[in-house]
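The values are calculated or read from the model by the stated rules, or taken from the named source; none is laboratory data. Everything numeric here is computed off the predicted structure, so don't read it as measured data. All Cβ positions, glycine included, derive from the backbone under ideal geometry; neighbour counts span all protein chains shown.
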Amino acid sequence: MNVGIGSLRTGIFNVADVCITIGVLLLVLEMLQRSRVSVNG
């Protein structure tokens with residue numbers, strides 16, 4: 001994919017890259033949420 005608006009363009013990437021990035025972000029958010037609960041709990 002090459003995504004952009006007008007002359008502003010992103011790098012070329014594929015769907016697998018997007019899925020891996022989203023998965024890693026979700027894991028990080030989950031870890032942060034669990035650490036907050038254990039500190040507050």
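See the values below:
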| quantity | calculated |
| --- | --- |
| Residue in the stretch 19-26 that is of a type in the set (Val, Ile, Thr), in a strand (DSSP E or B) and at pLDDT 75 or above present | no |
| Unmet requirement for residue 41, which otherwise passes all of (1) at pLDDT below 90; (2) surrounded by 10 or more Cβ atoms within 10 Å (Cβ to Cβ) | (2) |
| Answer residue from the stretch 8-18, given it is surrounded by 10 or more Cβ atoms within 10 Å (Cβ to Cβ) and outside any strand (DSSP E or B) and is farthest from the chain's Cα centre (by Cα) among those | 13 |
